[in-house]
Structures are given as structure tokens and as C-alpha cells.
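J.: Below are the C-alpha cells for one structure; questions will follow.
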Amino acid sequence: MSTPDRLIEATQELLWERGYVGTSPKAIQQRAGAGQGSMYHHFAGKSDLALTAVLRTSAEMRETAGRLLDGPGTALERISAYLLRERDVLRGCPVGRLTMDPDVVSSEALRAPVEETLGWLRGRLAGIVQEGLDDGEFSPGIVPAEIAATVVATVQGGYVLARASGSTTAFDAGVRGLLSLLARHTDQA
């Protein structure tokens with residue numbers, strides 16, 4: 001792995017674990033096994049490296065979600081695949097966790113890819129729900145954008161509840177509950 005990639009990966013991990021303030025250039029360099037000169041040769045500074053890391057984390061989230069949401073199956077099956085995918089629940093979402101970091105939220109440059117990624121996810125989910133409506137899979141009257149927001153809120157809120165309790169129980173219960181509600185809106189006999 002190249003030095004820039006090691007620096008980016010180290011920054012991704014540290015942002016996920018510690019947030020922006022807790023991610024010092026020294027910690028990045030130590031985790032990446034790179035010297036200060038290497039870091040500043042490839043990046044203008046911590047904020048430049050952090051933005052690159054946030055952009056990569058966002059792209060990785062889109063890729064992971066996209067594989068499931070664009071996969072085979074009915075709308076409900078694809079949403080279920082996204083909700084039930086294996087994840088490190090107790091670590092939380094690497095993109096969602098950034099929204100709790102005041103330094104990320106106050107920086108338009110750092111916040112923009114987070115906002116765009118969560119917006120992309122809601123939009124993609126709404127599109128799948130609309131496909132389900134168009135195919136007669138879901139009952140008329142459900143609002144795709146509202147269902148999409150509910151899916152994202154269930155996942156992100158589930159991460160928070162799991163981290164607070166130190167257990168995946170609340171996350172899993174939220175996903176099961178949402179899937180149960182969605183299944184009630186299918187027109188399949």
C-alpha cells in the first residue's frame with residue numbers, strides 16, 4: 001500500500017474512533033507508519049487529509065450500500081439485504097459518526113460529503129420503494145421519501161442505541177421492527 005493510501009486509511013480509522021479533534025497529525029503518522037515529511041509531502045495538512053479520508057469513507061459506504069440496493073430481488077428483499085447486512089454495529093457508522101463531531105459539522109468542506117452520502121442513500125432507498133410501488137409490491141399511499149428516511153433513521157439510531165448499551169440488541173430489534181412494518185405494506189398474497 002502506498003504512503004498516501006496508508007495515511008488516508010489511518011485517518012479514516014482515527015476519525016471513526018476519535019473524531020476530528022482527537023485525530024492528531026502525530027497519531028495519523030504513527031498509525032500509518034509514515035513520517036511527518038511524508039504526510040506533508042502528500043497533503044497540505046490535517047484538514048486536507050481529513051477531507052480526503054471523509055471522501056473515501058463516503059465512497060466506500062456508497063459502494064457497500066449500492067451493491068445490496070442494486071442487487072437482485074424485490075424492493076423489500078433489497079431493502080432487507082441492506083438492513084440485515086453484516087456490520088460492526090458497536091463501532092457505529094463511519095459516516096454517521098461524523099455527524100456527531102462538531103468540528104466536522106461546522107466545516108462545510110468536511111460536512112458536505114457526509115450530507116451528500118446520506119442524501120444519496122435516502123434517494124436510492126426512495127427510488128427502490130418507488131419501484132416497489134410501481135410494481136405493485138407495496139400498498140398505494142406509502143411515501144417513498146418517508147420510508148427512505150425511516151430506513152436511514154433506523155440504522156443510524158440503531159447504532160446510537162447499540163453503542164449506548166454496549167449491545168447489538170437494540171439495533172437488531174429496530175431492524176426487525178422496521179422490516180415487520182414494511183412487510184405489512186406489501187400487496188403480496
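J.: Hey, can you tell me all the residues within the stretch 47-106 that are closer than 24 Å to residue 183 by Cβ, in a helix (DSSP H, G or I) and of a type in the set (Gly, Ala, Ser)?
T.: Correct list: 65, 66, 75, 80, 81.
J.: Of all residues in the stretch 73-106, count the ones that are at positive phi and open to solvent by less than 10 Å² (accessible area, probe 1.4 Å).
T.: Total satisfying the criteria: 1.
J.: Further question on the same structure: If you go through the stretch 30-72, how many residues are polar (S, T, N, Q) and open to solvent by 90 Å² or more (accessible area, probe 1.4 Å)?
T.: Result for the stretch 30-72: 2.
J.: Still on this structure: Please enumerate the residues belonging to the stretch 112-126 that are within 19 Å of residue 150 (Cα to Cα) and in contact (Cβ under 8 Å) with a residue 24 or more places away in the chain.
T.: Scanning the stretch 112-126 gives 114, 116, 117, 118, 120, 121, 122, 123, 124, 125.
J.: Follow-up question, since we're still on this one. So, in the stretch 16-29, of the ones that are under 17 Å from the mean Cα position of the chain (by Cα) and assigned to a helix (DSSP H, G or I), which residue ends up surrounded by the most Cβ atoms within 10 Å (Cβ to Cβ)?
T.: 16
J.: All but one of (1) over 27 Å from residue 144 (Cβ atoms); (2) touching a helix residue (DSSP H, G or I) at 6+ places or on another chain (Cβ under 8 Å) hold for residue 102, so report the exception by its number.
T.: (2)
J.: Of all residues in the stretch 162-177, which are crowded, with 18+ Cβ neighbours inside 10 Å and aliphatic (A, V, I, L, M)?
T.: 162, 170, 175
J.: Is there a residue being assigned to a loop (DSSP other than H, G, I, E, B) and crowded, with 19+ Cβ neighbours inside 10 Å anywhere in the stretch 126-144?
T.: no
J.: For the stretch 1-15, give me each residue that is in contact (Cβ under 8 Å) with a residue 24 or more places away in the chain and assigned to a loop (DSSP other than H, G, I, E, B).
T.: Hits for the stretch 1-15: nothing passes.
Here's the yes/no breakdown for (1) acidic (Asp, Glu); (2) touching a residue at least 60 places away in the same chain (Cβ under 8 Å):
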{"residue": "58", "(1), (2)": "no, no"}
{"residue": "70", "(1), (2)": "yes, no"}
{"residue": "73", "(1), (2)": "no, no"}
{"residue": "78", "(1), (2)": "no, no"}
{"residue": "91", "(1), (2)": "no, yes"}
{"residue": "101", "(1), (2)": "yes, yes"}
{"residue": "104", "(1), (2)": "no, yes"}
{"residue": "110", "(1), (2)": "no, yes"}
{"residue": "128", "(1), (2)": "no, no"}
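J.: Tally time: how many residues in the stretch 157-189 are outside any helix (DSSP H, G or I) and not aliphatic (A, V, I, L, M)?
T.: Residues meeting the conditions: 8.
The values are calculated or read from the model by the stated rules, or taken from the named source; none is laboratory data. Remember, it's a predicted structure, so these values are computed and weren't measured experimentally. Every residue, glycine among them, receives a Cβ derived from its backbone with ideal geometry; neighbour counts consider all protein chains shown. These area figures cover heavy atoms from the full protein model, side chains too; ligands, DNA and RNA do not enter into them. Shrake-Rupley method; radii C 1.70, N 1.55, O 1.52, S 1.80 Å.
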